[in-house]
Structures are given as C-alpha cells and as structure tokens.
Amino acid sequence: MLFRKSIDFIVKNLLLPQCLICQTHLKKTELSDAPFLCFECSQGLPWYHHKPALQTPPYLNHCYSTFFYHEQVRQWVLQVKFHQQERLFPMLSHLMYHTFPQAEAFDYITPIPLHQKRFRQRGFNQSLELVRHPIWQQERVKTLLIRKRHTQEQAKLSRKARIKNIQNAFEVQANHVKAKLVKDCSILLIDDVMTSGETLNEAAKTLKNQGAKTVCSLTLA
C-alpha cells in the first residue's frame with residue numbers, strides 16, 4: 001500500500017506536467033485535449049475558433065485566428081516576443097494546429113519572415129516558432145518569403161502609415177522562384193497577431209504575383 005501511494009505521488013507531482021496558467025498538475029484525461037492547460041483555464045481563454053475574419057484584405061482568400069488578442073493571450077504574445085519565454089511555443093503551436101484541421105489542405109505553410117536586423121535583435125522569428133512543432137508536418141513548412149527591407153513595427157503606426165511602411169517589403173526567395181515552387185500552389189501564411197492585416201496582405205500579394213493560386217492566413221490572435 002505504501003509503495004502504491006509513493007508511485008501515485010511521483011506520477012501526480014513529478015511526472016505529470018503543470019498547467020501553464022494556474023500551475024496545477026494536469027489530470028491524465030486533460031493531456032490529450034489541451035496539453036499544458038487544465039480544463040478550467042482552457043475554457044477561460046478568449047477563443048476565436050478560426051472563424052473567417054469579418055474583413056479580409058484583398059490579396060488573401062481567407063484569414064483565420066485561434067484567439068482574440070486580449071487577456072491571457074496578449075500576455076503570452078508579449079512573453080514570447082520580449083521576455084524570452086520560448087517555453088510557451090510548443091503549447092501555442094499545438095493549440096493553433098489542433099483547432100485548425102484545414103492546415104493539411106495547403107501545399108505549403110510559410111511563416112511571415114523577419115528582417116535580419118530584427119531577427120538579430122530578438123534571436124528568433126516567432127512566426128516560425130509557431131509552426132516548428134512536428135505536428136505541422138515539417139516537409140510542408142517552408143520559408144518561401146524573405147523580408148528585403150527593414151520596416152518599422154506596424155503596431156506603432158496608423159492604418160495609412162502601415163500600408164506605406166509594408167509596401168514591397170517582401171520577395172519570394174530566388175531558389176523557389178527558379179523552381180516554380182509557388183506557382184499554382186495553395187499557401188497558408190503564419191503570424192502571431194493580425195491587427196489591420198496589412199503585413200499579411202502584402203505577403204499574400206507577393207506570393208500571388210509569383211503565381212500562387214490561393215493564399216490564406218492563420219494567426220495565433
């Protein structure tokens with residue numbers, strides 16, 4: 001009996017992961033539903049459930065998101081981008097994928113790229129980290145675009161300034177153009193947050209100018 005109690009204690013307190021919000025140990029039944037979150041915390045999140053956006057930028061066929069950008073989700077985005085909390089990426093990646101089964105219908109999944117200057121400052125591209133999890137079928141995850149010029153952060157600009165700031169900021173990587181990798185393909189763009197949609201729209205425009213047939217976007221929020 002004592003041995004059994006010891007095993008139960010080890011499993012419950014040492015082996016089972018904790019909820020990343022409330023820090024309670026997860027039950028075995030919760031691990032398959034929303035790993036890293038207990039049922040109560042998962043239910044309390046501001047789910048958007050990948051409904052198409054009310055207004056879709058002209059070069060995108062559809063825009064989808066996992067969450068609304070407020071409450072806990074806003075904290076997560078700020079933590080991973082500015083406070084070196086990369087441990088959150090596996091959970092966020094899992095939630096994005098498992099609430100958007102349509103991802104398997106696209107030929108390629110490509111993250112919005114950072115300019116090299118911004119990448120050196122941050123040390124990682126959060127959009128790429130959101131699809132680095134093996135469940136995304138890594139053979140279809142390709143960095144099709146490069147950011148050819150450094151731009152200001154869109155969140156700090158007005159709508160009019162955002163359009164001008166992001167114009168002609170992207171290009172398809174030369175080897176992909178040569179291989180006609182983009183032509184007649186369906187592509188899913190990945191980013192962390194969609195605000196006005198100008199960045200995603202410019203990326204979609206760049207891909208469609210190279211022959212992409214369908215371009216949709218999926219954002220965390």
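Given the pairs 142/178; 164/208; 142/164, which are separated by over 21 angstrom at their Cα positions?
Flagged as over cut-off: 142/164.
For residue 74, put the label point 7 Å out on the Cα→Cβ axis and report which residues of region 180-197 keep their amide N under 19 Å from it.
192-197
At 7 Å along Cα-to-Cβ for each site, give me the label-to-label distance between residue 148 and residue 62 in nm.
3.1 nm
A short reminder: the numbers here are calculations on the coordinates, not readings from a lab. Only a predicted model underlies this, so the values are computations on that prediction, with no experimental measurement involved. Cβ coordinates were reconstructed from backbone atoms using ideal geometry, including for glycine residues, and neighbour counts include every protein chain displayed.
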